[in-house]
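Below is one structure; the comments refer to it alone.
The values are calculated or read from the model by the stated rules, or taken from the named source; none is laboratory data. Just so it is clear, the structure is predicted and the values come from calculations on it, not from any experiment. Neighbour counts run over all protein chains shown; Cβ positions are idealised from the backbone, glycine included.
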Ligand code: HEM
């Protein structure tokens, strides 16, 4: 997530990492419907750590950013699941 935030304006820089994580997710059978609950917990953790700095604006930005990254993973993992025939 930190690397993602760092490269938010140049997501191509993350391609190799996304691909590696997506393969790991498929190997451990992560499913698209698990992304919302993981996101909820992650966003809560971010909010806890940021405390007073977790303004509505900041939390809205992290929520949107998570959704975009989750969609990237879900799409890539869908492709890999189809390729490996599951
Ligand atoms: C945007 C959301 C997510 C990010 C950024 C993320 C990131 C990562 C990273 C960096 C790894 C380590 C990959 C490696 O070993 O090279 C990983 C592994 C893993 N992730 Fe995710 N993940 C996300 C969503 C999820 C979701 C929704 C699940 C569902 C429960 C999940 C379950 C796992 C599991 C089971 C592993 C393998 C752990 C192991 O190697 O023992 N992840 N993820």
How many residues does the stretch 1-13 hold that are surrounded by 13 or more Cβ atoms within 10 Å (Cβ to Cβ) and within 10 Å of the ligand (Cβ to nearest atom)? 1
Under 8 Å between Cβ atoms, at least 6 apart or on separate chains: pull out the pairs that start in the stretch 6-32 with a residue that is at positive phi and free of Cβ contacts under 8 Å to residues at least 24 places away in the same chain and end on any residue that is assigned to a loop (DSSP other than H, G, I, E, B) and surrounded by 11 or more Cβ atoms within 10 Å (Cβ to Cβ). none
Exclusive hit being assigned to a helix (DSSP H, G or I), surrounded by fewer than 13 Cβ atoms within 10 Å (Cβ to Cβ) and within 13 Å of the ligand (Cβ to nearest atom), set 74, 37, 21: 37
Scan of the stretch 45-71 for residues that are assigned to a helix (DSSP H, G or I), more than 13 Å from the ligand (Cβ to nearest atom) and surrounded by 12 or more Cβ atoms within 10 Å (Cβ to Cβ), ordered by number: 47, 50, 58, 59, 61
What do you reckon, is residue 26 within 12 Å of the chain's Cα centre (by Cα), surrounded by 12 or more Cβ atoms within 10 Å (Cβ to Cβ) and modelled with pLDDT of 95 or more? no
Criterion violated by residue 9 - all others in (1) more than 15 Å from the chain's Cα centre (by Cα); (2) outside any loop (DSSP other than H, G, I, E, B); (3) modelled with pLDDT under 95 satisfied: (2)
Can you pull out the residues in the stretch 40-69 that are more than 16 Å from residue 2 (Cβ to Cβ) and under 16 Å from the mean Cα position of the chain (by Cα)? 40, 41, 44, 59, 60, 63, 64, 67
